[in-house]
Structures are given as C-alpha cells and as structure tokens.
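Read the structure below first, then the notes.
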Amino acid sequence: MKRAVSAILSFAMISLFIVALAGCGGDIRAENEKLKAENTSLKSDNDKLALEVQKLKEQILKAAEKEATLASQTAENEALKKQVEDLKARLSKKKK
C-alpha cells in the first residue's frame with residue numbers, strides 16, 4: 001500500500017512539474033525571442049562602435065603626426081630666427 005501511495009504521489013509531483021513547465025513555455029519563448037532581438041541589436045551597436053573607435057584612432061594618429069610636424073617646423077623656425085638675428089648682428093658690426 002505504501003508503495004502504491006508513493007508511486008501515485010511521485011506521478012502526481014512529476015505531472016505537476018511538467019504542467020508547470022508547459023504553462024511557462026510561452027512566456028519563456030517570448031522572453032527568449034526578446035533577448036535574441038536585443039542581442040542582435042547590441043551586436044550591431046557593438047560593430048558600429050568598433051568602427052567608430054577605429055576611425056577615432058586614425059584621427060588621433062593623424063593629429064599626432066600633425067603635432068610632430070608642427071613641433072619640428074616650430075623648432076626649425078626658431079633656428080632660422082636665431083640665424084637671422086646672428087646675421088643682423090654681424091651686419092651691424094661690419095657697418096660700425
């Protein structure tokens with residue numbers, strides 16, 4: 001008798017568990033589809049951001065190159081100014 005009651009209770013518990021899972025299946029599927037759509041959207045956004053980051057890196061490199069060129073030209077300009085001042089000083093000494 002105990003075995004029969006135990007078997008019936010086990011069957012009842014398994015049946016309730018299956019019914020509970022089947023009842024939630026629609027909600028789970030809907031949420032799963034929603035999450036898949038969100039995942040696709042996030043992947044698309046991630047790809048766009050990766051491209052934007054690459055473009056920004058390129059712009060930074062170009063700006064750094066321009067900065068280096070500007071620094072070089074500024075140093076060259078200062079050297080030329082010094083040469084002009086030296087030449088002016090020589091000319092004023094020769095005139096005296």
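What follows draws every value from the coordinates through simple rules; no lab data is involved. The shown structure was predicted, so the numbers you read here are calculated from the model rather than taken from an experiment. Cβ coordinates were reconstructed from backbone atoms using ideal geometry, including for glycine residues, and neighbour counts include every protein chain displayed.
Across Glu85, Glu52, Glu33, mean-square fluctuation computed from a Gaussian network of the chain (C-alpha pairs under 10 Å connected) peaks at Glu85. The angle between the Cα long axis of helix 2-95 and the main principal axis of the chain comes to about 0°, on a 0 to 90 degree scale. Where [x] 3.20; [y] 1.63; [z] 1.36 are the candidate values, the label of the one calculated here for Cα Rg over 2.2 N^0.38 Å is [x].
Each of Arg3, Arg29 was scored by other Cβ atoms within 10 Å of its Cβ. Listed from fewest to most, they are Arg3, Arg29.
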